[in-house]
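A short write-up of the structure that comes next.
The values are calculated or read from the model by the stated rules, or taken from the named source; none is laboratory data. A quick note: this is a predicted structure, and the numbers were derived from the prediction, not measured. All Cβ positions, even for glycine, are placed from backbone atoms using ideal geometry, and neighbour counts span all protein chains on display.
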Amino acid sequence: MKYNFNAIEAKWQKYWADNQTFKAINGSDKPKYYVLDMFPYPSGAGLHVGHPLGYIASDIYARYKRHQGFNVLHPQGYDSFGLPAEQYAIQTGQHPAITTAENIKTYRRQLDQIGFSFDWSREVRTSDPSYYKWTQWIFIQLFESWFNIDTDKAEDISELEKVFASEGNAKVNAVCDENIEPFSADDWNAFDSKKQQEILLQYRLTYLAETEVNWCPALGTVLANDEIVNGVSERGGHPVIRKKMTQWSMRISAYAERLLQGLDTIDWTDSLKESQRNWIGKSVGASVSFKVIASGTKQSHKIDVFTTRPDTIFGVSFMTLAPEHELVSKITTPEQKEEVEAYIIASSKRSERDRMADVKTISGVFTGAYAEHPFTKEPIPVWIGDYVLAGYGTGAVMSVPCGDQRDYDFAKYFNIPIPNIFDGIDISEEAFSDKEKTVIGNSDFLNGMNYKKATKRAIYELEQIGQGEGKTNYRLRDAVFSRQRYWGEPFPVYYDAHGMPQMIDEKFLPLELPEVDKYLPTETGEPPLGNAKKWHWLQYGDKAEIVSKDEFENSSPLGRLGGALELNTMPGWAGSSQYFNRYMDPNNGDAIFSKEAIDYWQQVDLYIGGSEHATGHLLYSRFWQKFMFDKGYVNHDEFAKKLINQGMILGTSAFVYREESTNNYLSLGLIEGKKVQPIHVKVKYVNASDELDIEGLKSDTEFGEDYTDAKFILENGVYKVGRDVEKMSKSKFNVVNPDDIVLDYGADSLRLYEMFLGPLEQYKPWNTAGITGVHNFLKKLWKLYHQGENGTFYVSSSPTSEELGEALKTLHKTIKKVQEDIENFSFNTSVSTFMIAANELTAQKCTSKEILEPLLVLISPYAPHIAEELWSQLANSGSISTAPFPEFDASHLVESSKNYPISFNGKMRFTMELPLDLSKDDIEKAVLAHEKTQEQLAGRTPKKVIVVPGKIVNIVG
RNA sequence: GCUCAAGUGGCGGAAUUGGUAGACGCGCUGGAUUCAAAAUCCAGUUCUUUCGGGAGUGUGGGUUCGAUUCCCACCUUGAGUACCA
């Protein structure tokens, strides 16, 4: 019997599906283990060989854990809301639900044929109403909560209302909107309901606010910061502008410190933690308040700044406001008015991108106003300049030119004095910003102090005069949660007669997406949901329905609740921020998950996915998890204990070279000195030796150039292509479809090869030619269990003790190495180990069951189909997937002698075989007596001989 | 600019605590088999060499009996981030 991989793989995939082999049970005597993949967005293009890399790694780990006796949860699902399906709907009119369902079908087929051990009974789809019911539910929970700084957690908004009613808001210490007016209990109780709701909205964890957002006109929607790359949209590369809009926001900033601290408690990669730390952007310093010196009839103002260097406060020689700063118009003197206004207009025309690209040009204008130094009382000129950003800190800085290079450049350019407050430092060329070496001088009470002491003292003195305090600032902004799209979760929100947002009662969820005629914004510029004919909430008591505007207006107002439903939908990250918990109890209709389920599965033990989600999904999910923890729904405030980022598999593109203005294509070796244009060709027409299949290329009508009349100039009878490593993409003709690989070599070969390519975390190129190596290994493995011309199954159960000895050594060496490799996620080296084992056992002509049976369990996580097949041929019943992992026995690896490397001054020159029980002195004697030692020494006497028993001998001299 | 990761044969990569650099595989070379090809099997494959040997892990230094591994400086590549006060 030949190794017929296609038949074997189909057989076992069917077996697993029929027997629900990988169904995880909630609650078991076995210890639990939760292995999670980042679920895919089902795109229309299907999977290419790069996509399954992380899934194969996590599948190996999940299968390994089952062999170790764990109850393993290894689910999969689809992040199925998103832009591409909607764009397709706009173009073709096809409902995104249909496109999505088709794409999911393709994905499922492709995933199934790779042999993953997913528990498909737990599949989730974020676009399914039974799933997004719970995304809407979490939104309501967030709406009904506020963040109490005193307890450092989220609490019920009803508690806050009680506090307001009994003592007002003076003592409330909350993360909330800025500039909330103080009110007493009496004030609160006198407010009407609308006013009360407006105030509460300023405290809620999800709130409605007019915010400056990233608007992408081409996509017709708002984008989050992490959806913008280099100033253009991540999807499609369209320009993005700033625009003020009323939007739902998430108060993630409330969790900034906990999100930062939590990083120390989880086993995630350092680079990923570092990205999150940078994104959160904590800086410790002080806020300082400067009084603006009143001129003429103008009323007094103050400028608040944030600084990380309060120790340099005596070095302030001017202040700079962002051009958009609200005080600019109020403090500018009549003489400067014209110039200032011209500057504001000029800088508003510069896009965010221009401003970023052009950091060298110094520009700014004096406002004519002066502020008063809090200590010296000297007047300080107030400037505006676009190097100060309105969106960070307070949008104003105290400029210390001697200590900050940007302030220094600005001062030099505009001839502003640069007082030196550093002892013994020359600042004639550039600013001095080294905190560690700072000794403050020329600064009254700070003289002679280092950075740390001076900072502390400066903050103390500022507090004494009531003009400042220690402050920590975070770069992390609240997350805009509204999108002007169709294909996303509808908000469970309607607007009442006062225009105030109201949550739909939980019992009516899910609020399903309405049907629309077209998926574009309405003519009046409303989001696509504005096209829905029926999108008004109408509720009397326990009865509710969605009706048209007219039906709502004509309904009886008596006991009526309702109004226009929210037209925005939720962003892409909404559905992915709690999916890992939903998998624990995915079919629960009464709760997002049961208490029993979360108590049993706890949290994700291993999460594998791409690093591109570092500041998006992985940050938002941690935020929601912390919120769910505060509310007592989950018992860990981090959702994933360990996280690994798999690297990307790149394509190996192939090029032909057309000689300029001809139809001649030159082989790679002939292009030197010629003017040629490299052109991508499909990689499937290139063999392992980089030779082009010219006939194949010419007969291909599907893509690319027309080669029918092309002349290919050969070298040594063949056409050699050029090669380059690039991202896999259709336009580069370097995409490799796993379907083709599975058909030609089998899923087990694909799995082994993806692992064999290199370390999991690394970026590495795919080259289909190399797969023959692992495929040959599988054939060799098959042959170990089969004999003769026809390959009849043969495994002996009574081997001679001699052949077993060597084979046992091979087996146990392999057990040890493979176990270590899996636990270190070093899957590439275990594939090598399997190859070595198969080579050795073949050389040993090993046929014994005692060796070959445990070997299958070792290989089973990597190549599960062939392992199942041979396992069943060995007359085992059932699946190999829960067979216990073989125990390593060190006694089989004990050696009596060692082939010692003999080095001279650290360079290995020869080896000699010596017994391991020899003493140090005896080893030295034996080595020095060796003829090659004398040859190396050439008459010299060794100065020193280093003997490390069992390792090495080094002779110095 | 800052932060992080990484530089090893023609290629992907291995060397877990400092101890025989290049495992394993691809490709290449030669051979067997074949009418021929595919497939399979065997031998070789870092460079250099006067065939004794010598050099060698991005570059330059250091620590050590001994460094791909530890330390310092620099160069290159990739990723993230950026007028963040």
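Only a single criterion out of (1) in contact with a helix residue (DSSP H, G or I) (Cβ under 9 Å, 6 or more places away or on another chain); (2) closer than 20 Å to A:Glu868 by Cβ is not satisfied by A:Asp119, namely (1).
Condition check ((1) in contact with a strand residue (DSSP E or B) (Cβ under 9 Å, 6 or more places away or on another chain); (2) at pLDDT 90 or above) across all residues:
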{"position": "A:Glu372", "(1), (2)": "yes, yes"}
{"position": "A:Lys377", "(1), (2)": "no, yes"}
{"position": "A:Ile380", "(1), (2)": "yes, yes"}
{"position": "A:Ala390", "(1), (2)": "yes, no"}
{"position": "A:Arg406", "(1), (2)": "yes, no"}
{"position": "A:Ala411", "(1), (2)": "yes, yes"}
{"position": "A:Ile416", "(1), (2)": "yes, yes"}
{"position": "A:Asp423", "(1), (2)": "yes, no"}
{"position": "A:Ile427", "(1), (2)": "no, no"}
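Here is a yes/no grid of residues against (1) in contact with an Asp or Glu (Cβ under 6 Å, 6 or more places away or on another chain); (2) within 16 Å of RNA strand B (Cβ to nearest atom); (3) modelled with pLDDT of 95 or more; (4) not hydroxyl-bearing (Ser, Thr, Tyr):
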position: A:Glu553; (1), (2), (3), (4): no, no, no, yes
position: A:Pro557; (1), (2), (3), (4): no, no, no, yes
position: A:Arg560; (1), (2), (3), (4): no, no, no, yes
position: A:Phe580; (1), (2), (3), (4): no, no, yes, yes
position: A:Ser594; (1), (2), (3), (4): yes, no, yes, no
position: A:Gly610; (1), (2), (3), (4): no, yes, no, yes
position: A:Thr615; (1), (2), (3), (4): yes, yes, no, no
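Annotation note: Cβ proximity below 7 Å between a residue of region A:391-407 that is more than 19 Å from A:Tyr451 (Cβ to Cβ) and a residue that is of a type in the set (A, V, I, L, M) and assigned to a strand (DSSP E or B) (sequence gap 6+ or interchain) occurs for A:Thr394/A:Val305; A:Gly395/A:Leu321; A:Ala396/A:Ile303; A:Ala396/A:Val305; A:Ala396/A:Met319; A:Ala396/A:Leu321.
So which helices (runs of 4 or more DSSP H) are wholly in region A:859-957 and hold at least 2 residues that are among the basic types (Lys, Arg) and either loosely packed, with under 14 Cβ neighbours inside 10 Å or more than 9 Å from RNA strand B (Cβ to nearest atom) (or both)? It would help to see each step written out before you state the result.
On the way: elements: A:864-873, A:920-929, A:931-937.
Of the helices (runs of 4 or more DSSP H) lying wholly inside region A:859-957, those with at least 2 residues that are among the basic types (Lys, Arg) and either loosely packed, with under 14 Cβ neighbours inside 10 Å or more than 9 Å from RNA strand B (Cβ to nearest atom) (or both) span A:920-929.
When the residues of region A:34-50 are filtered to those that are of a type in the set (A, V, I, L, M, F, W, C) and within 18 Å of the chain's Cα centre (by Cα), the one that is nearest to A:Ala97 (Cα to Cα) is A:Phe39. Tell me yes or no: at least one residue of region A:298-306 is modelled with pLDDT under 90, touching a Lys or Arg at 6+ places or on another chain (Cβ under 8 Å) and within 16 Å of RNA strand B (Cβ to nearest atom). No: region A:298-306 contains no residue that is modelled with pLDDT under 90, touching a Lys or Arg at 6+ places or on another chain (Cβ under 8 Å) and within 16 Å of RNA strand B (Cβ to nearest atom).
Of everything in region A:732-770 that is aliphatic (A, V, I, L, M) and either within 8 Å of RNA strand B (Cβ to nearest atom) or free of Cβ contacts under 8 Å to residues at least 12 places away in the same chain (or both), the residue that is nearest to A:His865 (Cα to Cα) is A:Leu757.
Let's see how each residue does on (1) at pLDDT below 90; (2) within 19 Å of A:Asp748 (Cα to Cα); (3) within 13 Å of RNA strand B (Cβ to nearest atom):
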{"residue": "A:Gln819", "(1), (2), (3)": "no, no, yes"}
{"residue": "A:Asn824", "(1), (2), (3)": "no, no, yes"}
{"residue": "A:Thr829", "(1), (2), (3)": "no, yes, yes"}
{"residue": "A:Ser832", "(1), (2), (3)": "no, yes, yes"}
{"residue": "A:Ala837", "(1), (2), (3)": "no, yes, yes"}
{"residue": "A:Thr847", "(1), (2), (3)": "yes, no, no"}
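Counting only helices (runs of 4 or more DSSP H) that fall entirely inside region A:723-808 and contain at least 3 residues that are loosely packed, with under 15 Cβ neighbours inside 10 Å and at pLDDT 85 or above, the qualifying elements are A:738-745, A:771-784.
If the condition is being outside any strand (DSSP E or B) and more than 8 Å from RNA strand B (Cβ to nearest atom), then region A:361-384 contributes A:Gly364, A:His373, A:Pro374, A:Phe375, A:Thr376, A:Lys377, A:Glu378. Report, by residue number, each residue of region A:284-343 that is charged (D, E, K, R) and more than 24 Å from A:Arg406 (Cα to Cα). Of everything in region A:284-343, those that are charged (D, E, K, R) and more than 24 Å from A:Arg406 (Cα to Cα) turn out to be A:Lys298, A:Lys330, A:Glu335, A:Lys337, A:Glu338. Restricting attention to region A:530-548, the residues that are assigned to a helix (DSSP H, G or I) and touching an Asp or Glu at 6+ places or on another chain (Cβ under 8 Å) add up to 1.
Inspect region A:525-544 for any residue being within 37 Å of the chain's Cα centre (by Cα) and loosely packed, with under 11 Cβ neighbours inside 10 Å and give the result as yes or no. Working first, answer last.
At the first step, the residues of region A:525-544 found to be within 37 Å of the chain's Cα centre (by Cα) are A:525-532, A:535.
After this cut, where a residue has to be loosely packed, with under 11 Cβ neighbours inside 10 Å as well, the list is A:525.
Yes: region A:525-544 contains one or more residues that are within 37 Å of the chain's Cα centre (by Cα) and loosely packed, with under 11 Cβ neighbours inside 10 Å.
Within region A:38-60, identify whether any single residue is of a type in the set (Val, Ile, Thr), touching an Asp or Glu at 6+ places or on another chain (Cβ under 6 Å), assigned to a helix (DSSP H, G or I) and buried (at least 23 other Cβ atoms within 10 Å of the Cβ), and answer yes or no. Looking for residues that are of a type in the set (Val, Ile, Thr), touching an Asp or Glu at 6+ places or on another chain (Cβ under 6 Å), assigned to a helix (DSSP H, G or I) and buried (at least 23 other Cβ atoms within 10 Å of the Cβ), one finds at least one in region A:38-60, hence yes.
Can you confirm whether region A:690-709 contains a residue that is under 27 Å from A:Phe5 (Cβ atoms), more than 16 Å from RNA strand B (Cβ to nearest atom) and touching a strand residue (DSSP E or B) at 6+ places or on another chain (Cβ under 9 Å)? No. Is one or more of the residues making up region A:191-210 touching a Gly at 6+ places or on another chain (Cβ under 6 Å) and touching a residue at least 12 places away in the same chain (Cβ under 8 Å)? Checked region A:191-210: no residue is touching a Gly at 6+ places or on another chain (Cβ under 6 Å) and touching a residue at least 12 places away in the same chain (Cβ under 8 Å). Annotation: of all residues in region A:460-483 being over 24 Å from the mean Cα position of the chain (by Cα) and buried (at least 21 other Cβ atoms within 10 Å of the Cβ), the one that is nearest to RNA strand B (Cβ to nearest atom) is A:Gly468.
In the condition set (1) among the β-branched types (Val, Ile, Thr); (2) more than 28 Å from the chain's Cα centre (by Cα); (3) surrounded by 15 or more Cβ atoms within 10 Å (Cβ to Cβ), A:Ile138 is compliant with all but (2).
Restricting attention to strands (runs of 3 or more DSSP E) lying wholly within region A:549-657, give those where 2 or more residues are buried (at least 20 other Cβ atoms within 10 Å of the Cβ) and over 22 Å from the mean Cα position of the chain (by Cα). It would help to see each step written out before you state the result.
On the way: elements: A:560-565, A:604-609, A:640-645.
Where strands (runs of 3 or more DSSP E) fall fully within region A:549-657 and carry at least 2 residues being buried (at least 20 other Cβ atoms within 10 Å of the Cβ) and over 22 Å from the mean Cα position of the chain (by Cα), they are A:560-565.
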